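**Q** Dropping a structure here in structure tokens format, bear with me for questions.
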Amino acid sequence: MRRDLIIGFVFTIALEFLVAWGGNITHYKPKPKVKEDEQTIKIEMPKLEPDEPDVTEDQQQQVPQEITPPMQSDVPQVVTPESFVQQIEPPPPDLSALSKNIVKIPENRNPLQGIEVFDISKLDQVPSARFQARPQYPFEMRRAGISGEVLVDFIVDTNGDVRNAYAVHSSQREFEAAAVQAVSKWKFRAGRKNGHAVFTHMQVPIVFTLDQDQ
């Protein structure tokens, strides 16, 4: 009995399910058709022109310009008596070369204070030269063809060495340094007074001539 009830119950449920599912099928509505005019819209695209490359300032074509150089008329110059004319003179001698071997003359010309210095006329035996260096003729003065003379004052000490040499006067100052330098290298036998070597005051003229051998 129960078995029949169960089968009938199941059958009833299945039947209702089929009726419900079949109703959805019978009520299916197809999608409305879209007209061709409404379905697609044709749009004509404009023609694309090729992009032009960017032109920089350096790549811009330079237009050659014709430049005519200025012309100056050839006008002959007339020399008048009022025109300035520079006279050609020989260049002066370059005396800078003499500064290399200049001997500085001491300002104190009597440094032997407290020492008696005898004049050559008061000696029993005058100093005699053992060595005399020849003065070097200044190159610029020789090239200019100038000769001269320098009077050199100096003192011979008890050892026969020359001290305090300086130029008293000269015909050209450019000769003084060479003359003082040469006399400062001289060597003497010391002058004597009463049998003793003494300091002696002397003066010697130094002559520069173009015909002397240097």
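The values are calculated or read from the model by the stated rules, or taken from the named source; none is laboratory data. The structure displayed is predicted, hence computed values, not measured ones. Every residue, glycine among them, receives a Cβ derived from its backbone with ideal geometry; neighbour counts consider all protein chains shown.
**Q** Need a quick list: strands (runs of 3 or more DSSP E) entirely within region 58-176 having at least 1 residues that are at pLDDT 60 or above, of a type in the set (D, E, K, R) and more than 19 Å from residue 206 (Cβ to Cβ).
**A** The strands (runs of 3 or more DSSP E) meeting that bar are 117-119.
**Q** Can you tell me which residue in region 166-195 is surrounded by the most Cβ atoms within 10 Å (Cβ to Cβ), limited to those that are more than 24 Å from residue 128 (Cβ to Cβ) and of a type in the set (D, E, K, R)?
**A** Checking each candidate, the answer is 176.
**Q** Moving on to the next point. Hey, residue 170 hits all of (1) at negative phi; (2) of a type in the set (S, T, N, Q); (3) in contact (Cβ under 8 Å) with a residue 40 or more places away in the chain but one; which does it fall short on?
**A** That leaves (3) as the condition not met.
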